[in-house]
1. Taking the residues in the stretch 132-183 that are open to solvent by 100 Å² or more (accessible area, probe 1.4 Å) and in a helix (DSSP H, G or I) as candidates, determine which candidate is farthest from Ala106 (Cα to Cα).
2. Here are the criteria: (1) without any contact (Cβ under 8 Å) to a residue 24 or more places away in the chain; (2) not in a helix (DSSP H, G or I). Tell me which single one Ile12 does not satisfy.
3. Out of (1) modelled with pLDDT of 95 or more; (2) under 16 Å from the mean Cα position of the chain (by Cα), the odd one out for Gly99 is which?
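The values are calculated or read from the model by the stated rules, or taken from the named source; none is laboratory data. As the structure is a prediction and not an experimental result, all values here were calculated from the model. Cβ coordinates were reconstructed from backbone atoms using ideal geometry, including for glycine residues, and neighbour counts include every protein chain displayed. Side chains are part of the model used for accessible areas, which takes the heavy atoms of the whole protein and leaves out ligands, DNA and RNA. Shrake-Rupley method; radii C 1.70, N 1.55, O 1.52, S 1.80 Å.
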Amino acid sequence: MSQPSVYVTRGIFPEALDLLRAVAEVKVWPEEPQPPYEVLAREAESADALLSMVPDRIDAALMERARRLRVVSNMAVGYNNIDVAAATRRGIYVGNTPGVLTETTADLAFALLLSWARRIPDGRQLVREGRWRYWHPSDFLGTDVQGASLGIVGLGRIGEAVARRARAFKMRVLYHDEGRKPELERELGLT
């Protein structure tokens, strides 16, 4: 029996490709950005599985052409790019990677917050342009994050992870969500 065929829409980590190659014939789109829709649809025609990314449109028309397709796995938390109803009708399994970017996204959000508060982009630009000459006490004072107030809209996994980071900075965290979260309010001191 031959191995299943997997089409991967982007170059991904070599270790991940090695795992796939151990159980399947793997073809990878070699360019950036993603393959054009028509190329993806054509490649899907001979694939048993697709490993897709958020920009890849996996719609009913593509699935109609891809008669062998049995699995679409999105290397993303979301799956808005996949017509899940069409996949269900055709018996195609759809997978994604929920939760894998929660902490990473919260780290990035906090890094951006700190970068803005401490005026890091302004200082970097001054240095890159060769305009920084000496230190002065009033240069790039920025804003203290310690003890500041932070508003979070949407207290899902990422919002909660950001709130946990804010707690380390003794920030007052206000949140808005579809419903109250009394347990998190108590645990993290949220309002």
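1. Glu183
2. Tallying (1) without any contact (Cβ under 8 Å) to a residue 24 or more places away in the chain; (2) not in a helix (DSSP H, G or I), Ile12 fails exactly one: (1).
3. (1) is the only condition that Gly99 fails.
Residue by residue, here is whether (1) on the phi > 0 side of the Ramachandran plot; (2) among the small types (Gly, Ala, Ser); (3) under 21 Å from the mean Cα position of the chain (by Cα); (4) at pLDDT below 95 holds:
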{"residue": "Ser46", "(1), (2), (3), (4)": "no, yes, no, no"}
{"residue": "Arg57", "(1), (2), (3), (4)": "no, no, yes, no"}
{"residue": "Ala61", "(1), (2), (3), (4)": "no, yes, no, no"}
{"residue": "Leu69", "(1), (2), (3), (4)": "no, no, no, no"}
{"residue": "Gly78", "(1), (2), (3), (4)": "no, yes, yes, yes"}
{"residue": "Asn81", "(1), (2), (3), (4)": "no, no, yes, no"}
{"residue": "Ala87", "(1), (2), (3), (4)": "no, yes, no, no"}
{"residue": "Val94", "(1), (2), (3), (4)": "no, no, yes, no"}
{"residue": "Arg124", "(1), (2), (3), (4)": "no, no, no, yes"}
